[in-house]
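This report concerns only the one structure given below.
The values are calculated or read from the model by the stated rules, or taken from the named source; none is laboratory data. All values reported here derive from a predicted model rather than from experimental measurement. Positions of Cβ are generated from backbone atoms using ideal geometry, with glycine treated the same way; all protein chains shown enter the neighbour counts.
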Amino acid sequence: MTEEKKPPKILVVDDEKEIADLIALYLENDGCEVRKFYNGSNAIKCVENEQIDLAVLDVMLPDTDGFSLVKTIREKHFFPIIMLTAKVEDSDKILGLTIGADDYITKPFNPLEVTARVRTQLRRYKRYNSAEPEPVSDEIDIRGLVISKSAHKCTLFGEQISLTPIEFSLLLYLCLNRGAVVSSEELFENVWGEKFINANNTVMAHIARLREKLHEPPRNPKFIKTVWGVGYTIE
């Protein structure tokens with residue numbers, strides 16, 4: 001008898017009860033198991049005690065803010081995080097993506113869009129954590145930066161670098177296309193799997209986060225270089 005496939009466990013955090021309830025309803029109808037909270041403290045307790053597969057977090061919460069919540073989660077966990085906000089400022093979006101969020105949805109939104117984004121992130125997360133055996137020859141070594149496609153691991157001079165699924169996919173795509181300049185549009189459409197519509201800040205924020213994890217000096221990065229007005233390259 002095969003083991004029954006467990007539904008993905010989704011954390012939903014929003015102080016607006018109607019919004020949290022609506023998101024939970026659509027996700028449950030989509031086959032997910034939902035843990036729903038209206039504040040950050042209870043959400044953190046849930047993360048510490050349960051195996052969460054993805055989180056949908058509101059930026060504005062009564063006892064903390066979504067940015068602080070993301071930072072706390074990212075100290076130990078790397079499941080996908082989608083942030084919700086009523087604000088439309090690019091600075092808020094860039095901050096959320098830079099500290100570890102994977103996606104961003106602005107209120108008001110269509111609940112079906114949320115479920116679609118959740119499915120996309122879960123598929124990417126599943127591929128990232130896949131343990132299926134593949135040939136060891138798929139490692140890419142660039143001057144001490146080693147990417148293993150099958151193990152979904154990244155090491156820098158022997159030290160493992162903890163990357164989110166989005167960060168890993170972004171770095172892998174650049175490594176597979178090393179020597180070429182890859183535009184923000186190409187990166188977004190191949191890594192996020194969506195049509196590029198003014199998403200340059202999304203790519204830029206994740207590149208900044210990657211450079212930080214690779215201990216890259218901002219003004220003279222060794223690995224991921226910016227070709228101004230064109231895109232990014234790993235030489």
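Note on region 151-181: residues that are assigned to a strand (DSSP E or B) and either crowded, with 22+ Cβ neighbours inside 10 Å or in contact (Cβ under 8 Å) with a residue 60 or more places away in the chain (or both) amount to 1.
Determine whether residue 70 is part of a helix (DSSP H, G or I) and under 14 Å from the mean Cα position of the chain (by Cα). Spelling it out, residue 70 is indeed part of a helix (DSSP H, G or I) and under 14 Å from the mean Cα position of the chain (by Cα).
Yes/no matrix, rows are residues, columns are (1) touching a residue at least 12 places away in the same chain (Cβ under 8 Å); (2) within 15 Å of residue 164 (Cβ to Cβ); (3) surrounded by 13 or more Cβ atoms within 10 Å (Cβ to Cβ):
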position: 35; (1), (2), (3): yes, no, yes
position: 48; (1), (2), (3): no, no, no
position: 70; (1), (2), (3): yes, yes, yes
position: 85; (1), (2), (3): yes, no, yes
position: 95; (1), (2), (3): yes, no, yes
position: 100; (1), (2), (3): yes, yes, yes
position: 103; (1), (2), (3): yes, yes, yes
position: 120; (1), (2), (3): yes, yes, yes
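If you go through region 50-67 and pick out every residue that is under 15 Å from the mean Cα position of the chain (by Cα), of a type outside the set (Asp, Glu), modelled with pLDDT of 90 or more and surrounded by fewer than 22 Cβ atoms within 10 Å (Cβ to Cβ), you end up with 1. Screening region 122-150 for residues that are of a type in the set (A, V, I, L, M, F, W, C) and loosely packed, with under 11 Cβ neighbours inside 10 Å and picking the one that is modelled with the lowest pLDDT gives 136. Mind counting the residues in region 25-50 that are of a type in the set (Asp, Glu) and within 20 Å of residue 61 (Cα to Cα)? Selection size over region 25-50: 1. Of all residues in region 1-55, which are in a loop (DSSP other than H, G, I, E, B) and small (Gly, Ala, Ser)? 31, the sole residue that qualifies. In region 72-83, of all residues being farther than 18 Å from residue 94 by Cα and among the charged types (D, E, K, R), the one that is surrounded by the fewest Cβ atoms within 10 Å (Cβ to Cβ) corresponds to 75.
Out of 182, 230, one residue alone is outside the structural domain of residue 121 (by TED's automatic domain parsing) and over 24 Å from residue 96 (Cα atoms). It is 230.
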